[in-house]
Amino acid sequence: MKSILLSIAVVLICAASPIKGYEVGDTAADFKLKNVDGKMVAMADFKTAKGYIIIFDCNTCPYSKAYSDRIIALNKKYASEGFPVIAINSNDAAQSSGDSYEEMVRVAKQKGYDFPYLVDDAQSVAKSFGATNTPHVFVLTKELKVAYIGAIDDSARNADDVTKKYVETVVDELLAGKKPSVTKTKAIGCGIKWKSA
């Protein structure tokens, strides 16, 4: 009986272990996902990009809602510099109906998103990146090398309390030809709603 309980405990621990994704320095694989305008989008579509700000996000998480204006501002500041924002929603809409594709279209229109907001229905992109939270940021170079993983800044709730702008610092350093001074921070947010196996 003891060995059976131990086996069950090991299985449960393994099932709950974090997804192994990219580490800083790894080369990410490109993806092709459906945007809220119905078109398929890949990183390769951005011909003049110097890098990418990939943000795993959603409609429903309070942290995502708190960051939405800051995400819009990141794209406004950096898309013209060659670092576009690409937002990806990997939540299982069966568990979170507010994250359905139709709701993504509505939110993107309501908020005036001027960047792709892609649906990762199979959750394969989130798994390959190792994304766990919303929002969870991966800054990539032009060569798709992972330069930074983590939070947008150091204030998950209130933009007025920000003292460290992690993503801005990293992108500014990359644009200046420097190595990022910070490469990893803890992504604070809601856990991605994974489909049940």
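Read-outs throughout are calculated quantities, based only on the coordinates presented, and are distinct from any laboratory measurement. Worth saying up front: this structure is predicted, and the values here are computed from it rather than measured. Here the Cβ is made from the backbone with ideal geometry for all residues, glycine too, and neighbour counts use every protein chain on show.
If you go through segment 79-88 one residue at a time, do you hit one that is under 14 Å from the mean Cα position of the chain (by Cα) and more than 20 Å from Lys127 (Cα to Cα)?
The first filter runs over segment 79-88 and keeps only residues under 14 Å from the mean Cα position of the chain (by Cα), leaving 84-88.
With the extra rule that they be more than 20 Å from Lys127 (Cα to Cα), the set shrinks to 84.
Checked segment 79-88: at least one residue is under 14 Å from the mean Cα position of the chain (by Cα) and more than 20 Å from Lys127 (Cα to Cα).
Residue check, Asp120 against (1) touching a residue at least 60 places away in the same chain (Cβ under 8 Å); (2) surrounded by fewer than 18 Cβ atoms within 10 Å (Cβ to Cβ); (3) among the charged types (D, E, K, R), all met but one. Which one?
(2)
Yes/no matrix, rows are residues, columns are (1) among the aliphatic types (A, V, I, L, M); (2) surrounded by 13 or more Cβ atoms within 10 Å (Cβ to Cβ); (3) touching a Cys at 6+ places or on another chain (Cβ under 9 Å); (4) in contact (Cβ under 8 Å) with a residue 60 or more places away in the chain:
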{"residue": "Lys142", "(1), (2), (3), (4)": "no, yes, no, yes"}
{"residue": "Lys145", "(1), (2), (3), (4)": "no, yes, no, yes"}
{"residue": "Ala151", "(1), (2), (3), (4)": "yes, yes, no, no"}
{"residue": "Arg157", "(1), (2), (3), (4)": "no, no, no, yes"}
{"residue": "Val170", "(1), (2), (3), (4)": "yes, yes, no, no"}
{"residue": "Thr183", "(1), (2), (3), (4)": "no, yes, no, yes"}
{"residue": "Lys186", "(1), (2), (3), (4)": "no, no, no, no"}
{"residue": "Cys190", "(1), (2), (3), (4)": "no, yes, yes, yes"}
{"residue": "Lys195", "(1), (2), (3), (4)": "no, yes, no, yes"}
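Have a look at Lys77, Lys127, Lys65 and point out the one that is surrounded by fewer than 17 Cβ atoms within 10 Å (Cβ to Cβ), among the basic types (Lys, Arg) and without any contact (Cβ under 8 Å) to a residue 12 or more places away in the chain. Break it down stepwise before answering.
Values: Lys77 fails: without any contact (Cβ under 8 Å) to a residue 12 or more places away in the chain; Lys127 fails: without any contact (Cβ under 8 Å) to a residue 12 or more places away in the chain.
None of the others qualify; the one that does is Lys65.
Would you mention how many residues in segment 37-59 are touching a Ser or Thr at 6+ places or on another chain (Cβ under 9 Å) and free of Cβ contacts under 8 Å to residues at least 60 places away in the same chain? Walk me through it before giving the result.
Looking only at segment 37-59, we keep the residues that are touching a Ser or Thr at 6+ places or on another chain (Cβ under 9 Å), and these are 50-52, 55-59.
Remaining after also requiring free of Cβ contacts under 8 Å to residues at least 60 places away in the same chain: 59.
Going through segment 37-59 one residue at a time, the tally reaches 1.
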